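A short write-up of the structure that comes next.
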């Protein structure tokens, strides 16, 4: 190959290359200088570290941007967490997860209704007082069919609430009245043992009518479209990019709030990114740790915390008569080979998860102590031979020559996939049942569950309020969330009893009975009660985690200089 | 100067010798010439061997290494290659009732350190059973476990359990036990639920154990030889380690190769072919036809990928848990050809103006002859680059599609989906990611080198240099 | 030239209309209900929800309404981010993706052209082998891994140096953009390198180059005006859709670096079957892509005068 042109070209291109390398290095140097300079001057939130004791600032990361801050319509955990910081209801949960007075100073619960007396110094962030009318308006709005609130059902204990929500009665038929600015009268549809628990839920938060109407349908859309009566108020909201909460000086109990600012400049669902931010000293908490990240955390010698998020996860069956899973022997066969302990300890591998034994989790209160201590869950002894016998009987009854093939509906998350593959292998090797894994993304999975297009499904249920009923009524035949359409008369009766009775003994007995029925009928196979592990900067104290209600809760948090 | 008068007789006829220029070597056609060049290129030859080796690995491999890629060896989760395989025979697991103390003192404001932590029985991967001396005034205990020594800075590690009953002075750990050294710390809590300042730590070495029944069912021992407690056996051998569900990596890579290589070779071939034909037609014909064709290509590119993938899945009627390899192939081809078409069209637009095209047309060449014989071979460079880049892209797209249920269904592996899964344990168990990624890299490298060699051999512009 | 550009723009509009229609049909054919959520709701609420989002009307009516709104520039309200209009979402998040994408393209383009030219000139020698190796690595390692590793490297760098050289994640300054856009552009850079190399190899040995040298032209001028200019055409071809692809496909990078771009919202929208966001974003992206392609085609005519665009 003739070299003349090549070497000449080469020298020319070399010049260019050197030029570009020099340019890049110069650029990089400039960047380094810039960042060093900005670190010195300390301007802007990006230079603040996770915890700034002087200014009382806490920096965090959230998984998504809160999709709905209108308290009448919020359903997801992020929105509820934010609402828990910027709003307050009649009652609230304190640092020990006990119900304490919020906007209401005192209250009285009777069989037919309740009365709440509001405190004088409860204020909105624009200085005006929080009145009983604000609560009445909010509750009316939440139940109005036009609002289409998915949590409207939580207001159903109120008189005529359900009828209004289904459109049979006009909205002013609601049994809620503001007697005057300070007193709220409530009538019940039927006697309710756990109304106090419900009132702390965000859907029961107050909304001021004139402000709501003023926003022209945009209530909750941006910073200026909300009024705050809670410990914090939002000062910055750049969607998906930056959320900033600052201490609300108008809050009546502002003395108990020790943080000044909660800054959230990072939104991502990627826990590895969050971990990197934590390592870089930019955020103070990493929630939702996965099993794979534990080793890194241990190596870094960070402090791990755990808490049970209160949810129960189980295998749900399709009880439609056309499906093989409606056959009791088949379900029994599956139950007798499923070892939740193996699932929790070998597959999920996260501390904090408890092997599932019942629909009702361990943290529920019973009459005097824990429900599961007073009413222990029926114990299942695993027996592969008996299981095969049940399978044989099932095949006889169903008229099958071979073990059936079942579709297992799961989420598209990696963890769900792992569990699905485990079950596939388990049932395949122990019983010869072929499991087809039906992996769907969110909306499709919901659609399939609703339309009963599955045989088995992994399902999780988180509590709406701290009473066994939130789990018990899941399998009531009228519940739209009972996707498998399990229907048992004795069970339904027991649920109705628990709903209407006020006697703790009667109610707890009913729940015990429900627990037995579910186990006998093999209505579900409990897998685990979920617990989470998270890491938190040691300088941050007083963070409250909850199974029910806004979680995590920083309203009582404070900064310690030298832990 | 004297004048010469020449007549016809002055000229003698020279003998006409028919000495034709002898060609030193036999005449070669375009293709045979290309093959010769390719063989001479050592790098290309090496890559060809690599490709053949990969195909061998794929096709013959499973006959040689007959381990089932779906078998889950739950005793060896995520083990790296070359891990220790010894295991001891023990009795099957029996639930433990724990140890409770009779002492019942009311919880106090402060509590002392826990003491006398010991193992109730030898620690193994089946269970670790701890017992400790009761602490007076404790309202409960917390048990922590770390794989590093907690000393100097109290890094006690994973919070395993919170015990609320002060009478319970034992704990059984079943969580993800591997044969390693653990440090267990037990801390007493006071009346307010706060942990004591001081605590004790116990270092525990666990050994891998297996029950006799398990050893026999898995075929680890001969059925005749009797097994007694304490005997040592070796658990299944996994030359490349296992994945997060204990499945053999080597077997999975072999089976995964079938899917990945099949898709990775066939799909790019088809969509590049489509792109070439489409793009050259558009580029050459030009005018209105070109505009329409290109606008359609733009249209295809702008469609949202995920949405249409789901649509295809429905349209092809892929049920839950079924493998839809052919539909995936079709979908990939249908949605990926525009980029190649555009590239080829660009090249054609350039080449169209070259002199030899005009000359050929003057000689009476038809359109299709021009396209096939002159233009397309001159786009070889661009086409080969696209092809070689298409391979890894397609493998990863296939991984994504399998993820949403469009490709291979679990437990069938593919290299792409193995990478997906390996990403999550990247830091702890790198072998789960490195192995499939290395194989993908190898494939890509081989195809790149091969592509280079082919281009050198086929491209006329390169060949004009001798 | 202008007539051509105008003609292309009109065709672009038609193409976008087709894209919108196809997406509309696809969206409504995919099973799943955008109004379904974890908690079931009663009939009355369901009816109200449908009315609010206009889902109670027959499909064709929905289509007409949607199209007429779109012409006016109104893409509707998001189903999931219930208080934000799609216009707002695009307006607030697209500039982020665009900025990231443009910087990525700059990196990819500069890098690709430079490295490609370099390896072509040093064919089969050390620089070629090294760059080739990096290119192979770059494309056979999934983008997710590269992003995660680079973030890890940043953390390590910051820890080693003692102060925050570059932010590990987040958005707000040009410093936040550097590493993410580099990661984003890596794949395209690798492709462009190879492409450039391939076309350079063909040009370098061409006759007209030798002619240019023998005419006495300075090497730099030959390099830029003749070699680069001819070899760069395939690169330009790819650049148009690459810009569009990078701007719209930054999902992984946006996730790992917590960048509030449009890519994340789009993927989320598909998973949640948020009809309005899907439609709005697809149409917007489609228009953007079409515009890019037109720009590239016009650029073609500028660079290579032989290419006559009819």
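Nothing in this text is a laboratory measurement; each read-out follows from the coordinates by a stated rule. From a predicted model like this one, the values you see are computed outputs, not experimental measurements. As a convention, Cβ positions derive from the backbone with ideal geometry for all residues, glycine included, and neighbour counts pool all protein chains shown.
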Determine, from the Cβ-Cβ distance of residue A:76 and residue A:54 and an R0 of 51 Å, the FRET efficiency 1/(1 + (r/R0)^6), rounded to the nearest 0.05. 0.90
Residue-span extension gain [residue B:148 to residue B:53] - 0.36 nm each, minus C-alpha spacing: 29.9 nm
In this structure, the FRET efficiency calculated for residue B:120 and residue B:203 from their beta-carbon separation, with R0 = 22 Å, to the nearest 0.05, is 0.85
So what is the relative contact order for chain A, in percent, with contacts set as C-alpha pairs under 8 Å and at least six apart? 18 percent
If you find the alpha carbon centre of the stretch A:95-141 and of the stretch A:448-473, how far apart are they in angstrom? 31 Å
Near-label residues of the stretch B:35-59 by backbone N, under 14 Å of a point 7 Å along Cα→Cβ of residue B:28: B:35-42
What order do you get for A:130-143, B:134-147 when each peptide is scored by the mean count of other beta carbon atoms within 10 Å, highest first? A:130-143, B:134-147
Express in nm, to one decimal, how much length is gained between residue B:330 and residue B:234 on full extension, taking 0.36 nm for each residue of separation and deducting their alpha carbon distance. 29.9 nm
Computed [θ] at 222 nm, deg cm²/dmol, chain A (DSSP H ≥ 4; -39,500 (n - 2.57); rounded to nearest 500): -10000 deg cm²/dmol
From other protein chains only, count the Cβ atoms within 10 Å of every residue's Cβ in C:193-200, then give the mean. 5
Between the stretch A:493-549 and the stretch A:423-442, how many Å separate their Cα centres? 28 Å
Relative contact order (%) - criterion: Cα under 8 Å, at least six apart; region: the stretch B:87-147: 35 percent
With each pseudo-label sitting 7 Å past Cα toward Cβ, what's the residue B:292-residue B:46 distance in nm, one decimal? 5.1 nm
Find the centroid of the Cα atoms in the stretch C:250-286 and in the stretch C:41-106, then give the distance between the two in whole Å. 12 Å
Number of partner chain Cβ atoms within 10 Å, mean per residue of C:25-34: 6
Full extension between residue B:71 and residue B:110 adds, at 0.36 nm per residue less the Cα distance, a length in nm of 8.8 nm
FRET E, pair residue B:194, residue B:314, Förster distance 56 Å, beta-carbon r, rounded to 0.05: 0.45
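Averaged over peptide C:263-274, how many Cβ atoms belonging to another chain are found within 10 Å of each residue's Cβ?
4
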Simple spin-label estimate for residue A:305 and residue C:166 in nanometres, 7 Å along Cα-Cβ: 3.3 nm
Using 7 Å Cα-to-Cβ label points, what is the residue A:179/residue A:96 separation (nm, one decimal)? 3.1 nm
For the stretch A:46-125 the mean separation of alpha carbon contacts under 8 Å (6+ apart) over residue count, i.e. relative contact order in percent, is 14 percent
